[in-house]
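Trainee: Quick one: the structure is below, questions incoming.
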Amino acid sequence: MDRPATLIEPNVVKLDRVLPGPIARVWGYITESDKRAQWLAAGDFDLRIGGAIRLEFDNDRLSGEKGNAAQRREDLMSFDGAVTRLEPYRILAHTWNWDGASTEVTYELAPHGRGTRLVITHRNLQGRDLQADVMGGWDAHTGILEDVLNGEAPRPFWKTQRKLAKEYAAAI
């Protein structure tokens, strides 16, 4: 299986994907709520060290595909955190608090030909099931981001995420 997400050490997932367009455009899709809502989650980011972040998920809206009732309840969840590192147009890191644990996500951007390499590292993910789910989630979400940046219809989130999570679970 050749997928962009890998388990790089215990409890740490890394995703590496090249996206179309310049860094400034991709940065906007990470930091601006209205743009981020098209591929991941809406919510304000106070872009300063210690600034609050909020992720408000509604995965059904990403591609128009409907999840089942249990997914829908989970899908409408919101998560809070704080900015831990900020180098505009290069690196953004923030905590992501869920299920009583604090994880940390780092987005790193670098030029790659005519596109942008996005590396997402998600730390403190406890357990293989969660790791596989998160790997499938980041792969599906950034795939949708790629579709949006290419001006294409977004791939179905739920179908893609479920398939990828199963593949990642078998691989880790």
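The values are calculated or read from the model by the stated rules, or taken from the named source; none is laboratory data. In this text, all values refer to a predicted model and were calculated from it rather than measured experimentally. Backbone-built Cβ (ideal geometry, glycine too); neighbour counts: all protein chains shown.
Trainee: Going by what's in this entry, would Leu40 be described as at pLDDT below 95, surrounded by 15 or more Cβ atoms within 10 Å (Cβ to Cβ) and not in a strand (DSSP E or B)?
Mentor: Working: at pLDDT below 95: no; surrounded by 15 or more Cβ atoms within 10 Å (Cβ to Cβ): yes; not in a strand (DSSP E or B): yes.
In short, no.
Trainee: State the number of residues belonging to the stretch 79-135 that are of a type in the set (Lys, Arg), closer than 28 Å to Lys159 by Cα and modelled with pLDDT of 95 or more.
Mentor: 2
Trainee: Continuing with the same structure: Looking only at the stretch 116-160, count every residue that is in contact (Cβ under 8 Å) with a residue 24 or more places away in the chain, within 19 Å of Glu9 (Cβ to Cβ) and among the hydrophobic types (A, V, I, L, M, F, W, C) and tell me the total.
Mentor: Number of matching residues: 7.
Trainee: Could you count how many residues in the stretch 43-65 are modelled with pLDDT of 90 or more, small (Gly, Ala, Ser) and exposed (fewer than 14 other Cβ atoms within 10 Å of the Cβ)?
Mentor: 1
Trainee: Let me ask you something else. Could you please find all residues in the stretch 1-29 being touching a residue at least 24 places away in the same chain (Cβ under 8 Å), assigned to a helix (DSSP H, G or I) and surrounded by fewer than 18 Cβ atoms within 10 Å (Cβ to Cβ)?
Mentor: Ala24, Arg25
Trainee: Given the options Asn150, Asn68, name the one that is over 14 Å from the mean Cα position of the chain (by Cα) and at pLDDT 95 or above. Working first, answer last.
Mentor: Working: Asn68 fails: at pLDDT 95 or above.
Only one candidate qualifies: Asn150.
Trainee: To continue, here is another question. Within the stretch 33-41, is there a residue that is charged (D, E, K, R), closer than 27 Å to His112 by Cα and out of contact with any strand residue (DSSP E or B) (no Cβ under 8 Å at 6 or more places or on another chain)? Step through it out loud before you land on a result.
Mentor: If we filter the stretch 33-41 for residues that are charged (D, E, K, R), which is where we start, we get 34-36.
Cutting the leftovers down to closer than 27 Å to His112 by Cα gives us 34-36.
Checking which are out of contact with any strand residue (DSSP E or B) (no Cβ under 8 Å at 6 or more places or on another chain) leaves us with 35.
Yes, some residue in the stretch 33-41 is charged (D, E, K, R), closer than 27 Å to His112 by Cα and out of contact with any strand residue (DSSP E or B) (no Cβ under 8 Å at 6 or more places or on another chain).
Trainee: Give the stretch 120-172 a look and list any residue that's in contact with an Asp or Glu (Cβ under 8 Å, 6 or more places away or on another chain), surrounded by fewer than 18 Cβ atoms within 10 Å (Cβ to Cβ) and either over 24 Å from Gly21 (Cα atoms) or among the aliphatic types (A, V, I, L, M) (or both), or say none.
Mentor: Residues satisfying the conditions are Asn124, Ala153, Lys159, Ala169.
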